[in-house]
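I have placed the structure first, in the form of structure tokens, so that the comments after it can refer back to it.
The values are calculated or read from the model by the stated rules, or taken from the named source; none is laboratory data. Remember, predicted model here, so these are calculated numbers, not experimental data. Cβ atoms come from the backbone with ideal geometry, glycine included; neighbour counts cover every protein chain shown. Just the protein is used for accessible areas: all its heavy atoms, side chains included, with ligands, DNA and RNA removed. Shrake-Rupley method; radii C 1.70, N 1.55, O 1.52, S 1.80 Å.
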Amino acid sequence: MNIHYKLEFFSYWHCGSGLAAGADVDLLTIKDEYDLPFVPGKTIKGLLREASETLAALAPDIYPSPEKIDEIYGKANDGSLMLQGCAFFSNAEFPKEDKDFIIKNKYARSLFSSVSSTAIDDAGIAKEHSLRRTEVTLPCILTGEILDLPDDCGKLMADSMAFVKRLGANRNRGLGRCRFTITKTEVSNG
């Protein structure tokens, strides 16, 4: 089974690149070769795995076993070897026509803003040298795919997607409010 989905963000969001921009921004957003933001497939996979495991633990009579979840997502064998799951999770990116429009009109830079934060001590005073600036992406809609999912796991994936309400860094601080919506499902004939 293949699932095509829409990932809609309702607030600023940040998926980090691990890079900084000197004195201006401490945390940059991950971008593709056109400087457009995206959500890596491994991030999507990790969030959906966590949701799947939670659902399976809460309702084991409805959802697949931990072994089936390992079959979908993969599992660590002995701590050093990772066994690959059967499903493939693409990056979530701008739909092609939106991407082409943004690139043609050179709007990529307008997709970002920055937010500042600082650590506060027990007395309510900002800690010295704790000011951080994070590059964030404006609310937008991305699309992605989950390929080669076992046909009997459609409900698990749909419910796991509905379970995810926030994505990316600083989710507990208001960033990354989102919703997954399945736009198309293709069941294999095998």
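One residue stands out in segment 164-183 among those that are surrounded by 17 or more Cβ atoms within 10 Å (Cβ to Cβ) and aliphatic (A, V, I, L, M): the one that is modelled with the lowest pLDDT, namely 175.
Restricting to segment 24-52, count the residues that are assigned to a loop (DSSP other than H, G, I, E, B) and modelled with pLDDT of 90 or more.
Filtering segment 24-52 for residues assigned to a loop (DSSP other than H, G, I, E, B) gives 24, 26, 28, 30, 32-36, 38, 40.
After this cut, where a residue has to be modelled with pLDDT of 90 or more as well, the list is 32-36, 38, 40.
So the count comes out to 7.
Summed over segment 159-190, the residues that are in contact (Cβ under 8 Å) with a residue 60 or more places away in the chain, not polar (S, T, N, Q) and not in a loop (DSSP other than H, G, I, E, B) give a count of 10. Pairs are defined by a Cβ separation below 9 Å, a sequence spacing of at least 6 or placement on different chains, a first member in segment 32-49 that is crowded, with 18+ Cβ neighbours inside 10 Å, and a second member that is assigned to a helix (DSSP H, G or I) and small (Gly, Ala, Ser); the pairs so defined are 36/108; 37/108; 47/160; 48/160; 49/160.
Conditions (1) over 29 Å from residue 1 (Cβ atoms); (2) basic (Lys, Arg); (3) open to solvent by 40 Å² or more (accessible area, probe 1.4 Å); (4) modelled with pLDDT of 85 or more, marked per residue:
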| site | (1), (2), (3), (4) |
| --- | --- |
| 66 | no, no, yes, yes |
| 79 | yes, no, yes, no |
| 121 | yes, no, yes, no |
| 128 | yes, no, yes, no |
| 136 | yes, no, no, yes |
| 149 | no, no, no, yes |
| 152 | no, no, yes, yes |
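Given the structure, is residue 145 open to solvent by 60 Å² or more (accessible area, probe 1.4 Å) and modelled with pLDDT under 95? Reasoning before the result, please.
Values: open to solvent by 60 Å² or more (accessible area, probe 1.4 Å): yes; modelled with pLDDT under 95: no.
For residue 145, the condition - open to solvent by 60 Å² or more (accessible area, probe 1.4 Å) and modelled with pLDDT under 95 - is not met.
Residues are listed down the side, and each one gets a yes or a no for (1) open to solvent by less than 40 Å² (accessible area, probe 1.4 Å); (2) within 19 Å of residue 3 (Cα to Cα); (3) in a loop (DSSP other than H, G, I, E, B):
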position: 54; (1), (2), (3): no, no, no
position: 63; (1), (2), (3): yes, yes, yes
position: 70; (1), (2), (3): no, yes, no
position: 83; (1), (2), (3): no, no, no
position: 97; (1), (2), (3): no, no, no
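Candidates are the residues of segment 88-114 that are small (Gly, Ala, Ser) and at pLDDT 95 or above; the one that is nearest to residue 36 (Cα to Cα) is 92.
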